[in-house]
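What follows is a set of notes on a single structure, which appears directly below.
The values are calculated or read from the model by the stated rules, or taken from the named source; none is laboratory data. Computed from a prediction, not measured in an experiment: that's the story for all the values here. Positions of Cβ are backbone-derived with ideal geometry, glycine not excepted, and every protein chain shown enters the neighbour counts.
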């Protein structure tokens, strides 16, 4: 399964490597700032999944499938905000992790132990449940290999775009320093200026 390349707007960072690109692609299937959402209807969701080879042919998707995928998307976004140092309510973070657990169970995700201490995840269910299971497997593999913490959601609350932090010290905070970073620095500057005496 080869993830479809995700568009990268000018100035934004390169896409995440390997299977993490699926997670990044799902989180970025909505542009919060513009409101453009790629998976608002069953037919849009079907196209999105087929384009990423996550469905084995056309399927009869429902609004409930769309709601389930959006729930997974926003749970992943919350965990990526935590990767970026945002203070996340413990109950909300726990619920986000439970969503991933539930998706893994519904997708029939199984662990296979192979030679030389290798572990392989297998999705045993088809349809949307299996497609979502493959996205959760990509997250699990990244958590195991240490790349998960580099996938973050932009700290700008009008953006929240998922980006892969390639900085040596994991210090990236914004998906695009020229846009979101500058915008936040300007807000901080104005706030300090208003708070300054005189």
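Suppose we keep only residues that are surrounded by 12 or more Cβ atoms within 10 Å (Cβ to Cβ) and assigned to a helix (DSSP H, G or I) within the stretch 161-195. Which one would you say is modelled with the highest pLDDT? By that ranking, first place goes to 180.
Restricting to the stretch 118-160, count the residues that are assigned to a strand (DSSP E or B) and surrounded by fewer than 20 Cβ atoms within 10 Å (Cβ to Cβ). Don't jump to the end; show me each part of the working.
So in the stretch 118-160, the residues assigned to a strand (DSSP E or B) come out as 119-123, 151-153.
Restricting the remaining residues to those that are surrounded by fewer than 20 Cβ atoms within 10 Å (Cβ to Cβ) gives 119-122.
The total comes to 4.
Every condition in (1) closer than 30 Å to residue 167 by Cβ; (2) touching a helix residue (DSSP H, G or I) at 6+ places or on another chain (Cβ under 8 Å) is met by residue 84 except one, and the failing one is (2). Evaluating residue 108 against the criteria (1) surrounded by fewer than 19 Cβ atoms within 10 Å (Cβ to Cβ); (2) modelled with pLDDT under 95; (3) on the phi > 0 side of the Ramachandran plot leaves one unmet condition, (2). Of the numbered criteria (1) at pLDDT 95 or above; (2) within 16 Å of the chain's Cα centre (by Cα), the one residue 41 fails is (2).
Sort out which residues of the stretch 48-67 are surrounded by 15 or more Cβ atoms within 10 Å (Cβ to Cβ) and without any contact (Cβ under 8 Å) to a residue 40 or more places away in the chain, and write them in order of number.
Filtering the stretch 48-67 for residues surrounded by 15 or more Cβ atoms within 10 Å (Cβ to Cβ) gives 48-50, 52, 54-55, 59, 61, 65-66.
Scanning the stretch 48-67 gives 48, 50, 66.
From the list 45, 80, the lone residue that is more than 16 Å from residue 123 (Cβ to Cβ), in contact with a strand residue (DSSP E or B) (Cβ under 7 Å, 6 or more places away or on another chain) and in a helix (DSSP H, G or I) is 80.
Only one of 136, 111 is closer than 25 Å to residue 53 by Cα and within 17 Å of the chain's Cα centre (by Cα). Can you tell me which?
Working: 111 fails: within 17 Å of the chain's Cα centre (by Cα).
Selected residue: 136, the only one of 136, 111 that is closer than 25 Å to residue 53 by Cα and within 17 Å of the chain's Cα centre (by Cα).
When you check residue 91 against the structure, is it modelled with pLDDT of 95 or more, loosely packed, with under 13 Cβ neighbours inside 10 Å and within 22 Å of residue 43 (Cα to Cα), yes or no? So residue 91 does not fit the description; no.
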